[in-house]
1. Give region 316-349 a look and list any residue that's surrounded by 15 or more Cβ atoms within 10 Å (Cβ to Cβ) and either free of Cβ contacts under 8 Å to residues at least 40 places away in the same chain or under 27 Å from the mean Cα position of the chain (by Cα) (or both), or say none.
2. Taking region 196-217 only, how many residues are of a type outside the set (G, A, S), in contact (Cβ under 8 Å) with a residue 24 or more places away in the chain and farther than 16 Å from T451 by Cα?
3. Look at L213 and say whether it is modelled with pLDDT under 90 and surrounded by fewer than 18 Cβ atoms within 10 Å (Cβ to Cβ).
4. R321 passes all but one of (1) at pLDDT 90 or above; (2) outside any loop (DSSP other than H, G, I, E, B); which number fails?
5. If the requirement is being surrounded by 14 or more Cβ atoms within 10 Å (Cβ to Cβ), aromatic (F, W, Y), farther than 30 Å from C249 by Cα and touching a residue at least 12 places away in the same chain (Cβ under 8 Å), which of these qualifies: Y383, Y418, Y468?
6. Output yes when any residue across region 300-312 is touching an Asp or Glu at 6+ places or on another chain (Cβ under 6 Å), farther than 30 Å from G362 by Cβ and in contact (Cβ under 8 Å) with a residue 12 or more places away in the chain, and no when none is.
7. Would you mind stating whether S124 is modelled with pLDDT under 90, of a type in the set (G, A, S), more than 44 Å from the chain's Cα centre (by Cα) and surrounded by 11 or more Cβ atoms within 10 Å (Cβ to Cβ)?
8. Answer yes or no as to whether T210 is of a type in the set (S, T, Y), touching a helix residue (DSSP H, G or I) at 6+ places or on another chain (Cβ under 7 Å) and part of a loop (DSSP other than H, G, I, E, B).
Amino acid sequence: MRRLRRIALLCLPLSLGLAGCGLTRPPASVQAPFPAQWHAPLPHGGSLTALADWWRQLDDPLLVELIAAAETASPNLASAAARVTEARFTRVQAGAALLPSLDGTASASRGVSGSSFGSGGSSSSSSSSTAIAPVTTLQAGLQSKWEIDLFGRLRADRDAAQQKLDSATAKWHDARVAVAAETANAYFAERACQLQLTVSESDAKSRSETARLTDLSARAGFTAPADAALARASASDASGRLTQQRALCAVQRKALVALSGLDEPTLVQKLAASPTQRALPVVGAIASVPAQALSQRPDVYAAELGVASASAEVGSAEAERYPKLTLSGSIGRMQIRTSGFRESLDTWTVGPLSLTVPLLDGGARAANTEAAKARYTEAVSLYRASVRQAVREVEEALVNLDATTARSTDADSAVKNYQASFDATQARFSSGLASLFELEDSRRTLFAAQTARVSLQRESTEAWVSLYRSMGGGWSRPAEASSPMTSTPAAKVATSP
C-alpha cells in the first residue's frame, strides 16, 4: 500500500505538468469576398442604428403587433430556439469533460458463513457440528476520474461547442429577422391588394354607369347598337377583373392569417381600423464600407462561427490520434457485521494513472481527421458564399429602392394627368363631342396608370423590407465577439484548420 501511494504521489506532479501541454496549430486566414465599396446608390440621412426600430418608423402599431404575433406562432423561430437550447447544454457537457468527475457508490449485502468443528472418544465414533452466522456487509464511497487534456482535444471540443452555441443564437436572430420581413411583406401585399381593389371598384362602377347610359341612348335611337354592345362588354370585363381582385385579396389575407396566427375575423377588424396607406420613412445611412455593414448580419456571423467551429473540430480529431492520460481515485468505507461483531474499514486510493496510446485502429482516427478537414473546407465555402449573397442582397435592395423612389414622382404625375384627360373626355362624351371609343381608350389608359402606381408602391415596400433584411434587421454582433471584418476589402477569420 505504501509503495502504491509513493508511485501515485510521484506521478501526480508529472500528470499535472503534462496537462498544461497542448497540440498547437498555426492560425490561418479565410479571405471573405467583400468589395471595397458599394456599387449602388446609398441613401442619406439617419443612421444605421435606426434599423433596430425599423418597423416603428412607420407609426403603424398594427404592423408591429402582427410581427410580434408571427414571432410567437412561427415554427421556424421555435425550431431555432430549440437548437439554441440544445447547443447550450452541449456546451455545458463539453466544458464538464475538462473537469474531474465524481460518483457516489453504495452497496449492501447479507449472507451466512459457517464453520465446522468435531469431538469424540474412540476412532470408531465421532461427532461434528456446524456454526452458522449471518454476515452483513455495507459499503459506501466516492470515485473520481479525470482525463488530463494533454493535446487539447477536450478544449477543442469545448471551443467547437461554444462556437456552435453562438452560431445557433445568431441563427435564431436571423430567423426573427426573416419572420419579421415575411410578415411585413404579407402585410404590405394585403394593403396593396386593397388599394388595387379600390381602383378596380371605381373602374367597374364607372364602366357600369357608362353602359347603362349608352343602353338608354341606344333604346331611344340616339346611339348605335354596336356602341351599346361595346359599353356592355367593357362593363362585364371590369366586373370580371373586380371579382378576380377580390379573390386575390381573400387569398392574400389567408396568408397573413397563417403567418400571424390570428383568427380571420379579428384580423379583418384590425385591418379595417388601421389606415390603408402610410408613407415609407427615409432610410438611414448605410455604412459605405461593405465589411462594416455586413458584419451586422446574423447569418454572415453564423457562417463565420461555423468556420471557427469546424476548425476546432479538426483540432479535436487530430488530438484523438495522440495518447490519453487518465487519473482515477476513490475514497470508501466498508462495515462488516456478524454475530455481535462489527468492524469498519476506511480505504482510499490515488490512481491508477493510466496512459492509453493508440497503436492500431485500421486508419479510423486518420479518416476522422480527414473528414473534419473536409467539413472545414465546406464551412469556408459556405462562409464565402454567404458573404457574396449578402453583398448581392444589399446592392439589389439599394438599387430597387433608389429606382422606385425615382419612379414614384413620374407615376403620380401620370395618374394625375390621365385622370384629367379622362374627366375631359367623359365630359365631351356626355355632350356628344367624343365617341365611346375615345372614352374607353381614355378609361383604359387611366386604369393602367392607376394599376402601375399601386404596383410601384408595392415594389417600393418590398425593396424597403429587403433592405431591412439584407442589413441584418438591426441585429448587432455581441460586444465580446471581436469582429474579424475590418475596413479593408478582404476580411479575415482567425482559424486553425
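The values are calculated or read from the model by the stated rules, or taken from the named source; none is laboratory data. Nothing here was measured: the structure is a model prediction, and the numbers come from that model. Cβ coordinates were reconstructed from backbone atoms using ideal geometry, including for glycine residues, and neighbour counts include every protein chain displayed.
1. S316
2. 3
3. Criteria met by L213.
4. (2)
5. Values: Y418 fails: farther than 30 Å from C249 by Cα; Y468 fails: farther than 30 Å from C249 by Cα.
Going through Y383, Y418, Y468 in turn, the sole match is Y383.
6. Our first condition is that a residue be touching an Asp or Glu at 6+ places or on another chain (Cβ under 6 Å); within region 300-312, this holds for 305, 312.
From what's left, farther than 30 Å from G362 by Cβ: 305.
When the remaining residues are screened for being in contact (Cβ under 8 Å) with a residue 12 or more places away in the chain, the result is 305.
Taking every residue of region 300-312 in turn, at least one turns out to be touching an Asp or Glu at 6+ places or on another chain (Cβ under 6 Å), farther than 30 Å from G362 by Cβ and in contact (Cβ under 8 Å) with a residue 12 or more places away in the chain.
7. No; evaluated as a whole, the condition is false for this residue.
8. Answer is no for this residue.
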